[in-house]
1. Starting from one equal scatterer on each C-alpha and no solvent at all, send me the Debye-based log10 I(q)/I(0) for region 177-216 at q = 0.34 Å⁻¹, two decimals.
2. Report, largest value first, the span of the C-alpha coordinates of region 60-206 along each principal axis, in whole Å.
3. Using 0.36 nm per residue, how much length does the chain from Ala283 to Arg296 gain when fully extended, once their Cα-Cα distance is taken away?
4. Given q = 0.21, 0.23, 0.25, 0.32 Å⁻¹, what are the Debye log10 I(q)/I(0) values for region 199-239, with equal point scatterers placed on the Cα positions and solvent ignored?
5. Of Arg296, Arg321, which has the most accessible area with a 1.4 Å probe, and how do the rest follow in descending order?
6. Using a basic spin-label model with each label point 7 Å from the Cα along Cα→Cβ, how many nm lie between Ile206 and Ala267?
7. Quick check on region 107-171: take the gyration tensor over C-alpha atoms, sort the square-rooted eigenvalues as a ≥ b ≥ c, and tell me if it's rounded (a/c under 1.5), prolate or oblate.
8. With the calculation restricted to Cα positions, what are the radius of gyration and Dmax of region 149-265 in angstrom?
Amino acid sequence: MTRAFITGVTGQDGYYLSKLLLEKGYEVFGLVRGQNNPKIEFLQTELPEVKILTGDLMDTSSLIRALNASEPDEFYNLGAISFVAYSWENASLTTDVTAKGVLNALEATRIYAGDDISKVKFYQASSSEMFGKVQQVPQTESTLLWPRSPYGVAKVFGHYMTINYRESYGMHASSGVLFNHESPMRGPEFVTRKISLAVARIALGIQDTLSLGNLDAQRDWGFAGDYVDAMWRMLQQPEGGDYVISTGQTHSVRDYLEVAFEHVGIADWKKHVFQDPAFLRPAEVDLLVGDATKARSTLGWAPKVEFADLVRMMVDADLQRQRALLG
Ligand code: NAP
Ligand code: F7E
């Protein structure tokens, strides 16, 4: 039985990746941080087969203990402070977790592997946010990185540290440069879920308005379920590498609003949506669109869920949840 160890198991991707690996017959271990973390209950209900270990990316010794206990063949480092807007308010903490946490994870892996560095493969959750003020359209594995947020800068550190461990120690270490990926499991602080939740509530008459920031930002949005499959494929390669994972299509926040409201039969969405400067960022990433040619040719990976279907999937899931709450 192949064993996987996942940090960030209580997050969106942790959920989909655990599900995928369990379906493949893996034994899955997940790192959960904090005292009495409320997300443990959800994890234990939805994926009871996942074995929970406690620890924190800021505490290297807890990572070493978790690795010794789980003895993984594959280590997926998904844990991070991942909300870009929050990273300006908490830049130092974001750096500790999202940047230095990667170094801690790599170092713990090296110590766990001992004399046999080939005994574990490592995946780092890098991000299209690293491209920031984009220097090339579409973005590829060799596009110059120009991050525009403390989160983006932290991810650049983790990305290069992963490459450095591959080159310095011969570690099978891969960096997935994933573009935005969403699902009904997305946190409600992110724009797609914020909209799907509000649209469901507006359709059901529970709320009337929605406040947002920059409606012109363009993102290459894919489905999280498709993207975790790319992570797994990276670790099945003979050697580690860096891969852009994206759909190659970009849409604005406005496009997302249009499809979401249309799905619940509201044509004039503008009367429900207001712009609030509180949701604007100190520096914006205006346009992201990725070129996943390398992943297609080397990993045989391609996204399956299209933009409009993703939007409708998220709105439907929120309609269902809100109706259940109404009883
Ligand atoms: P998410 O839902 O925000 O999940 C983040 C996870 O990190 C949570 O399980 C969280 O645990 C954990 N975490 C936070 N601080 C930690 C710490 N100090 N020690 C250990 N774990 C900690 O994020 P996601 O969307 O699943 O994304 C997964 C990874 O991919 C992240 O690294 C993210 O930055 C990266 N990424 C995401 C996207 C995207 O579009 N989703 C794109 C590119 C890259 P708690 O439950 O305790 O908070
Ligand atoms: O913002 C704009 C906002 O917070 C998307 C993370 O998973 O993907 C994610 O980062 C866009 C931005 O995601 C609101 O200004 C407008 O331009 O959903 P988001 P993100 O910042 O792209 C990358 C790849 C990651 O790696 C990150 O971990 O939408 N926007 N109005 C808004 N955004 C939010 N959150 N809220 C608004 O009201």
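The values are calculated or read from the model by the stated rules, or taken from the named source; none is laboratory data. Worth saying up front: this structure is predicted, and the values here are computed from it rather than measured. So basically every Cβ, Gly included, is an ideal-geometry build from the backbone, and we count neighbours across all protein chains shown. Remember, those area values only see protein heavy atoms, side chains included, never the ligands or the DNA or RNA. Shrake-Rupley method; radii C 1.70, N 1.55, O 1.52, S 1.80 Å.
1. For region 177-216, the Cα-only Debye profile gives -1.15.
2. 61, 38, 26
3. Numbers: separation 13, 0.36 × 13 = 4.68 nm, distance 3.20 nm.
That pair, Ala283 and Arg296, stretches by 1.5 nm at full extension.
4. -0.83, -0.86, -0.89, -0.99
5. Arg296, Arg321
6. Rounded to a tenth, the inter-label distance reads 2.8 nm.
7. Working: a/c = 3.45, a/b = 2.38, b/c = 1.45.
Judged from the Cα gyration tensor, region 107-171 comes out prolate (a/c at least 1.5, a/b above b/c).
8. Radius of gyration, then largest Cα-Cα span, for region 149-265: 18.0, 58 Å.
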